[in-house]
Every structure is written in structure tokens, then in C-alpha cells.
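For reference, the structure discussed in these notes is given below.
The values are calculated or read from the model by the stated rules, or taken from the named source; none is laboratory data. Here the structure is a predicted model, which means the values were calculated and not measured. Every residue, glycine as well, gets a Cβ built from its backbone with ideal geometry; the counts of neighbours run over all protein chains shown.
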Amino acid sequence: MPSLPQAWQSWITENLARGCAPAEMAQVMVRDGKFEATLARAAIEEARRTGFAHLAPAPAPQPLPEIDTSANILRVPDREVEILISLRTPRVVLLGGLLSDEECNDLIAYGQTRLERSPVVSDADGKTQVHAHRTSRGAMMQRGETELVRRIEARLAAVTRWPVENGEGLQMLQYEKGNEYRPHYDWFDASLPGPRKHLERGGQRVGTIVMYLSDVEAGGGTSFPNIGLTVQPKKGSAVFFANTDAYRVPDQKTLHAGEPVERGVKYIATKWLRERAYV
């Protein structure tokens, strides 16, 4: 097996013999062994070929949400969107002018009336709970609940080439001075009981779109600590990132945070894209 310590080679052999899913094994190797996902998959596949030829074929790559960055302007049915930054690994795309000023203002006004302290998902039981790592306030919206929401969701589907029904509802968030969301992942860890419950409703979160609804005087950036990137809020722009690879192995490089707001108020709307229809 390529470039793996003997202990991990034995681990792969033993877990294949037990009938463990290769995708879940690769996830554990990336998380616990700190291996690159490509190396983990290659090692598992080699073990399957050499010692486990009787097993079913390895899973094929699956589609992912993707943004066409071949040109500097992306034309969708109702808008022209700028491609400002494009990273391949991890897949991160910064979009300019995704929303108009009026759409940003209307979405803020619509969500403002029902803001509540933002929760996080418990690893133990999957329930949402308030946590010190996340100090914003937010409002959850049902998919397609207003004409404005439907218009934005249709645009996001066109931009990412991913079905509307494969998305969770929009979540609008308000960050005042000092509010933050400390480093976290958006993908669900299938080894933990709480996140496993959320996987039942539409599978893995394969992509995230953070839309900036306001400018911020200082602070409030979306940072990716593992790759040294920080995206500063700009009204109407958005950042997209893929949370997994095509084999549904979570990408450790997508660790991200909402940096503390230093001056001003930050409003964003987040859209999580699932691997299949979200119900």
C-alpha cells in the first residue's frame, strides 16, 4: 500500500475483511491519521485489488455541486455573477454580485422579526443547542417560503448546478460587535450518533454557500485556518466551498470560522447543499 505505516496497512486489511465501507474508512484515515484523502482512497483500493478481489467494486465518484469558473462572468437566467477567486483544493469560489442591494435589504428585513440565538448540532444526540462557540442570532427559513426566497434559491441552483430540492432552507444570521462562530466544519461526522441522525434527511452536506447581506466596517471575515484564507464581507457577494470530495470523504481543509465583528453589524445568509433531496 502506498506510503502507509504498517499499522494503518493492517487496519485497512482488517476493516475490509469486516465489510466496512471504503468511503467511511477513508474518512477515518483523513480525520485520525491525517492522511490526504487521495492517498487514503488509493491505499484502500490497492488493498481491495490485491487481497479482496471478491469484494464488490469500489464506489464510483458521485456528482458534486460545482461552479463554472472558466470565464470571469457567470451568466445565469436572471443575473450575471462575477468570479473573483477560484481555488481548486479545497474547492472555494468567491462570487461577486450574486445578490442585489435590494435583495440583501429585503432578506434582512424579512428575517429580522424572528431572530433567535444561533444553535449548534450536538454530537451526542443530534439536537440543536446554544453553545459559546457560536454567538450570532439567526432565523431559519423554509425552502421556497416566499417569492424572494424562491428567486434566490433558483439562482443558487443555477450557479452551482445543483437541484433546489437538494438544499436546506436559508439561514439568515446577524453578528453584532464581538459575535463570532469559532472554527468548525459543515459536514457531518458519520462516526458520531448526533450527526448520523442529520444524515438521514438528505445525506451529507456536500457544499456551503455564505452570502453577505451587508458590508462590515472591521472584522467579521469568513476564515479558513487550514489554508490561510480569509474572505471579507462585501454586500451582495458570496463564498462557495465544497465540503467533501466526489467519494463523499469530508475535506479537512474546509475548517472555517466567522471571525469576530469589530465594528458594524454583519448579516449573512447561509445555504447548505445536501447530496440528495432534503426532506
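Structural remarks
- Identity of the residue in region 168-207, more than 21 Å from Leu255 (Cβ to Cβ) and of a type in the set (A, V, I, L, M), that ends up farthest from the chain's Cα centre (by Cα): Met172
Conditions (1) part of a helix (DSSP H, G or I); (2) in contact with a strand residue (DSSP E or B) (Cβ under 7 Å, 6 or more places away or on another chain); (3) within 18 Å of Val92 (Cβ to Cβ), marked per residue:
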| position | (1), (2), (3) |
| --- | --- |
| Arg196 | yes, no, no |
| Thr208 | no, yes, yes |
| Ser223 | no, yes, yes |
| Ile227 | no, no, yes |
| Thr230 | no, yes, yes |
| Lys234 | no, yes, yes |
| Phe240 | no, yes, yes |
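- Per-region count, region 68-91, residues touching a Leu at 6+ places or on another chain (Cβ under 7 Å) and not acidic (Asp, Glu): 4
- Subset of region 118-159 that is in contact with a helix residue (DSSP H, G or I) (Cβ under 9 Å, 6 or more places away or on another chain) and more than 28 Å from Val76 (Cα to Cα) - its residue that is modelled with the lowest pLDDT: Gly126
- Scan of region 109-126 for residues that are in a loop (DSSP other than H, G, I, E, B) and at negative phi, ordered by number: Thr113, Arg114, Leu115, Ser118, Ser122, Asp123, Ala124, Asp125
- Only residues that are farther than 17 Å from His133 by Cβ, surrounded by 12 or more Cβ atoms within 10 Å (Cβ to Cβ) and small (Gly, Ala, Ser) were counted in region 109-121, giving 1.
- For region 169-194, the set of residues classified as assigned to a loop (DSSP other than H, G, I, E, B) and over 22 Å from Ser214 (Cβ atoms) consists of Tyr185, Trp187, Phe188, Asp189, Ala190, Ser191, Leu192, listed by residue number.
- Any chance Ser118 is of a type in the set (Gly, Ala, Ser) and under 21 Å from the mean Cα position of the chain (by Cα): yes
- Lone qualifier among Glu165, Glu147, Glu176 - being surrounded by fewer than 21 Cβ atoms within 10 Å (Cβ to Cβ), in the same structural domain as Thr113 (by TED's automatic domain parsing) and without any contact (Cβ under 8 Å) to a residue 12 or more places away in the chain: Glu147
- Residue match in region 126-138 (condition: of a type in the set (Val, Ile, Thr) and within 19 Å of Ile209 (Cβ to Cβ)): no
- Filter result (more than 20 Å from Gly167 (Cβ to Cβ) and touching a residue at least 60 places away in the same chain (Cβ under 8 Å)) within region 121-133: Ser122, Asp123, Ala124, Asp125, Lys127
- Looking only at region 215-245, and only at residues there that are crowded, with 17+ Cβ neighbours inside 10 Å, of a type in the set (Val, Ile, Thr) and under 16 Å from the mean Cα position of the chain (by Cα), the one that is nearest to Tyr267 (Cα to Cα): Thr222
- Test: residue in region 127-145 that is under 18 Å from the mean Cα position of the chain (by Cα), of a type in the set (Asp, Glu) and outside any strand (DSSP E or B): no
- Single residue of Leu115, Leu55 found to be modelled with pLDDT under 95 and farther than 29 Å from Pro250 by Cα: Leu115
- Counting only helices (runs of 4 or more DSSP H) that fall entirely inside region 1-108 and contain at least 3 residues that are free of Cβ contacts under 8 Å to residues at least 40 places away in the same chain and surrounded by fewer than 17 Cβ atoms within 10 Å (Cβ to Cβ), the qualifying elements are 6-17, 37-51.
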